[in-house]
Amino acid sequence: YGYYLAAVRGMTEGAVLVELSGTDALLQVDANLREQTAWTQMPVPHKIEQIYLSEIGTVPVIHMDGILHIIMEDIVPLDRMTQQIIEEMNRIYRPPATGVLYVQGQTLHPMVYVKATNTLVAENSCGSGSIAYAYYLARNTVTGICCASIEQPGGMIETEIVKEAGEIKTCRMGGQIS
């Protein structure tokens, strides 16, 4: 949306502020219409933990503003399994939204449940899910910049996690706009 907003305002490059569901903060989008790129600062994930889900096993859960993301590696997305995960997350945490991130190779298939509307959607791409998965990939990095290219049904999202002394300092996502 930030890239579109920059275009409507007649900008060729620069920063715009946008709202994002799940957080009260305005987020900066750096758009470059000449290069057709946009990068967005994202809220920093709060924590990652391992939990046990019945009939599935131990899986990582990433806590973020307004949403929890569960990483399901090398598992084919199944409606029944997704529903079971959402029910367990609602029983344990009661989050406003739950993302079930099925990862096969380098491709992420996000499924997002929103409690307020009681809807479950197979997303083309998911920004918070991209950051959650990038955080998971960077979990063992103590200090440094961790970059990941995350393929999704809607295209590629680039991520960048900056960590110091084991803590995330900033995270952002973006890339080429198609």
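Quick notes on this structure:
- Every residue from region 125-178 that is open to solvent by less than 40 Å² (accessible area, probe 1.4 Å), outside any loop (DSSP other than H, G, I, E, B) and among the small types (Gly, Ala, Ser): Gly127, Ser128, Gly129, Ser130, Ala132, Ala134, Gly144, Ala148, Gly155, Gly174, Gly175
- Tally, over region 27-58, of residues that are within 24 Å of Thr170 (Cα to Cα) and among the β-branched types (Val, Ile, Thr): 5
- Condition broken by Asp24, with the remaining ones in (1) within 20 Å of Lys169 (Cα to Cα); (2) surrounded by 15 or more Cβ atoms within 10 Å (Cβ to Cβ) satisfied: (2)
- Residues (in contact with an Asp or Glu (Cβ under 7 Å, 6 or more places away or on another chain) and not aliphatic (A, V, I, L, M)) located in region 21-53: Gly22, Thr23, Asn32, Arg34, Trp39, Pro43
- For region 109-124, the count of residues that are aromatic (Phe, Trp, Tyr), surrounded by fewer than 22 Cβ atoms within 10 Å (Cβ to Cβ) and in contact with a strand residue (DSSP E or B) (Cβ under 9 Å, 6 or more places away or on another chain) is zero.
- Scoring Met89 on the criteria (1) surrounded by fewer than 19 Cβ atoms within 10 Å (Cβ to Cβ); (2) at pLDDT below 95; (3) farther than 20 Å from Gly154 by Cβ leaves a single failure, condition (1).
- Consider region 42-58 and keep the residues that are buried (at least 17 other Cβ atoms within 10 Å of the Cβ) and of a type in the set (A, V, I, L, M, F, W, C). The one that is nearest to Gly2 (Cα to Cα) is Met42.
- Considering each residue of region 8-21 in turn, at least one proves to be open to solvent by 50 Å² or more (accessible area, probe 1.4 Å), free of Cβ contacts under 8 Å to residues at least 12 places away in the same chain and hydrophobic (A, V, I, L, M, F, W, C).
- Total residues in region 24-50, condition hydrophobic (A, V, I, L, M, F, W, C), at pLDDT below 95, part of a strand (DSSP E or B) and out of contact with any Gly (no Cβ under 7 Å at 6 or more places or on another chain): 1
- Check on Asp65, closer than 23 Å to Ile150 by Cα and open to solvent by 50 Å² or more (accessible area, probe 1.4 Å): yes
- Filter result for Met72 (touching a Cys at 6+ places or on another chain (Cβ under 7 Å) and at pLDDT 90 or above): no
The values are calculated or read from the model by the stated rules, or taken from the named source; none is laboratory data. Being a predicted model, the structure only gives us computed values, none of them experimental. A quick note on method: Cβ atoms are made from the backbone with ideal geometry, for glycine too, and the neighbour counts reach across all protein chains shown. Note: accessible area is taken over every heavy atom of the protein model, side chains too, but ligands, DNA and RNA are not part of it. Shrake-Rupley method; radii C 1.70, N 1.55, O 1.52, S 1.80 Å.
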